[in-house]
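Below: one structure, written as structure tokens.
The values are calculated or read from the model by the stated rules, or taken from the named source; none is laboratory data. Since the model is a prediction, treat every value here as computed from it, not as a measurement. Counting neighbours? That spans all protein chains shown, and the Cβs are built from the backbone with ideal geometry, glycine included.
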Amino acid sequence: MAAIEIDFDVFKELTQRRRDESVTYNDVIRALLGWQPHYVNTLFLHDWSQLMAIRFTPLFAYAQTPGPGAGARMPLQPVGPR
């Protein structure tokens, strides 16, 4: 875990923003950064029982690079079984 140094006034402000003991300093900082719980939980899954895998087969692909070929349909190459 990384540690950062903050002065007492910053510590006091972070502490005041915690509505109760269940809110961590990380929660406060994430909220200040605009990282809402839904966003953070999407990136960092906490409950493995909610983990899902999704398999799909692309039917079409398009070039997304800028320039004259932008948006052009790309040929798909078959892939063997996985």
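Going by the conditions given, is THR24 out of contact with any Phe, Trp or Tyr (no Cβ under 7 Å at 6 or more places or on another chain), surrounded by 10 or more Cβ atoms within 10 Å (Cβ to Cβ) and not hydrophobic (A, V, I, L, M, F, W, C)? When the stated conditions are applied, THR24 passes them. Does any residue of the stretch 48-63 turn out to be part of a loop (DSSP other than H, G, I, E, B) and surrounded by 10 or more Cβ atoms within 10 Å (Cβ to Cβ)? Among the residues of the stretch 48-63, at least one is part of a loop (DSSP other than H, G, I, E, B) and surrounded by 10 or more Cβ atoms within 10 Å (Cβ to Cβ), which makes the answer yes. Of the residues making up the stretch 12-32, one or more are polar (S, T, N, Q), more than 25 Å from the chain's Cα centre (by Cα), outside any loop (DSSP other than H, G, I, E, B) and on the phi < 0 side of the Ramachandran plot. Residues considered: ALA63, ALA72. Of these, the only one that is at pLDDT 80 or above, in contact with a Lys or Arg (Cβ under 9 Å, 6 or more places away or on another chain) and of a type in the set (A, V, I, L, M, F, W, C) is ALA63.
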